[in-house]
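Here is the structure we will look at.
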Amino acid sequence: MRRCIGILIVSGVFLLIGLPHLLWLLFKFKMPWGYVKTNLFISPSFYFFLLGIAGILLNFHLSWIRPLLHKLIHGSMESYKFVSGLPLIPALMIVFSAIHLTPLIWPCVVASILLLVDTGGPLWFLIATWKDDSFWNPRKYNHQKKNW
């Protein structure tokens, strides 16, 4: 049951990004905020979007590129020190800024692609914890006895 909730949360993030465009395409639903005729570079959401992209690229670099470079340079992974990225913060920045920039379709497409490769995001959290029964079924692994 908990894994189903995890799947719903992850799919809900992608649905949250694309829902306004899907409603607009299917039902010609008018977006309540309309198309703003201002410059994109004035919007603070655009800069949060760029910060989220930088954080996701950092997570991707620390998870995939840095270990590969270390192995190519040193020949083994013995002296490699693992470094943690930014969990969930860039993903939230991308999602909420893409929602705010919704009249434009490219932020939603870019956000969806970046959320797939973000190793600190909700999708990779679900992938990393999928086989961990102690996370998904805590009652099964509860070793504390209650003294009532």
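The values are calculated or read from the model by the stated rules, or taken from the named source; none is laboratory data. Computed from a prediction, not measured in an experiment: that's the story for all the values here. Note: ideal-geometry Cβ built from the backbone for every residue, glycine included; neighbour counts use all protein chains shown.
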Considering only region 98-106, I want to know if a residue exists there that is farther than 18 Å from I65 by Cα, under 15 Å from the mean Cα position of the chain (by Cα) and at pLDDT 80 or above.
yes
Unique residue being free of Cβ contacts under 8 Å to residues at least 24 places away in the same chain, among the polar types (S, T, N, Q) and assigned to a helix (DSSP H, G or I) when the list is S112, S76, S134, S63:
S134
Mind checking whether some residue in region 90-101 is surrounded by fewer than 17 Cβ atoms within 10 Å (Cβ to Cβ), of a type outside the set (S, T, N, Q) and assigned to a loop (DSSP other than H, G, I, E, B)?
no
